[in-house]
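Accompanying notes for the structure given below.
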Amino acid sequence: MGILDWILDEIFDENWVGRRGEKLTEKELDWVNFFGREGYTLRNIYIPKNNGETSEIDLVYITQKGIFVFESKNYSGWIFGDEKSLNWTACLPNGQKFKFYNPVKQNRTHINWLRKYIGANVPLFSIVVFSERCTLKKVTIESTDVRVIKRDRTYRVVSDIWDSSPDTLTDEDVNQLYNKLEVLTNVDESVKLAHIETIKSKHTTQRSQNNTSSNNNAISASEMICPLCGKQLVLRTAKRGSNAGNQFYGCSGYPYCKFIKNL
């Protein structure tokens, strides 16, 4: 962790750091544009599914090479996982562990729905971006079309893919794709609420099917989703009051959602 990230962790809460992380990934793509490559970025895209639900993509970068599809993760600690496992594990310095859904599988689902929506043979590149605040201790990826990186490698990885890939889209194609996806970033509030309700429903179903873990220091993949709003739970530390110094899981939608899960 760099000195700036350490200072920000001390001053701001995990929710602010998460929002900052997505913006930093977008900034990395701005540098890609600055050094002679051109593309458009879009964030929080709600792709419609055949069953009336939506699949939310964190960030896309639309270029003549194809579409770079980003899944952003802002965990701390050591990260362990492989391409085929259902869940990955984050290990914190205090020895605590928690599991989260395999982000490679998660982004693959996003890409499948994106491909169906755009209805064209457009190259789609999957990039899972973790914060510089973590260490990718043991992450095994076999597929050549998937990259799992820390955020500070975004510029280099995108540039490498760019330089090794042919131009497959014209400027007109890029503009059409941008216009088709841009409208999905401005969906009606009812669509967003329906998306949250779907996640909550799946969360409730998963919880009812899972027995209570014998490891009190672990939190299951399903429990990493806020049951109130559907956003991701993040590990936080109380900084004041009688619980100062104690850790808990809080909703990344704070202050709009104040759900907490005590350890």
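Exactly one residue out of Val104, Val128 is touching a Pro at 6+ places or on another chain (Cβ under 6 Å), crowded, with 17+ Cβ neighbours inside 10 Å and of a type outside the set (Ser, Thr, Tyr): that is Val128. Would you check if Arg115 is more than 20 Å from Asp152 (Cβ to Cβ) and touching a Ser or Thr at 6+ places or on another chain (Cβ under 8 Å)? The answer is no for Arg115. Looking only at residues that are within 15 Å of the chain's Cα centre (by Cα) and either outside the structural domain of Glu26 (by TED's automatic domain parsing) or not hydrophobic (A, V, I, L, M, F, W, C) (or both) in segment 131-157, which one is modelled with the lowest pLDDT? My answer is Arg133.
Among the candidates Glu56, Glu22, Glu71, Glu26, the residue that is modelled with pLDDT of 75 or more, assigned by TED's automatic domain parsing to the domain that holds Val104, assigned to a helix (DSSP H, G or I) and among the charged types (D, E, K, R) is uniquely Glu26. Filtering segment 98-125 to residues that are over 15 Å from Asp173 (Cα atoms), of a type in the set (Val, Ile, Thr) and in contact with a Leu (Cβ under 9 Å, 6 or more places away or on another chain) leaves only Ile111. Just one of (1) crowded, with 17+ Cβ neighbours inside 10 Å; (2) more than 21 Å from Leu136 (Cβ to Cβ); (3) at pLDDT below 90 fails for Glu10. It is (1).
Annotation note: of Ile149, Ile161, Ile79, Ile62, the sole residue that is under 28 Å from Glu38 (Cβ atoms), among the aliphatic types (A, V, I, L, M) and crowded, with 22+ Cβ neighbours inside 10 Å is Ile62.
Could you tell me whether any residue of segment 91-99 is aromatic (Phe, Trp, Tyr) and under 15 Å from the mean Cα position of the chain (by Cα)? Looking through segment 91-99, none of the residues is aromatic (Phe, Trp, Tyr) and under 15 Å from the mean Cα position of the chain (by Cα).
The values are calculated or read from the model by the stated rules, or taken from the named source; none is laboratory data. If you're wondering where the values come from, they're calculated on a predicted model, not measured in any experiment. Heads up, the Cβs are rebuilt from the backbone with ideal geometry, glycines too, and the neighbour counts pull from every protein chain shown.
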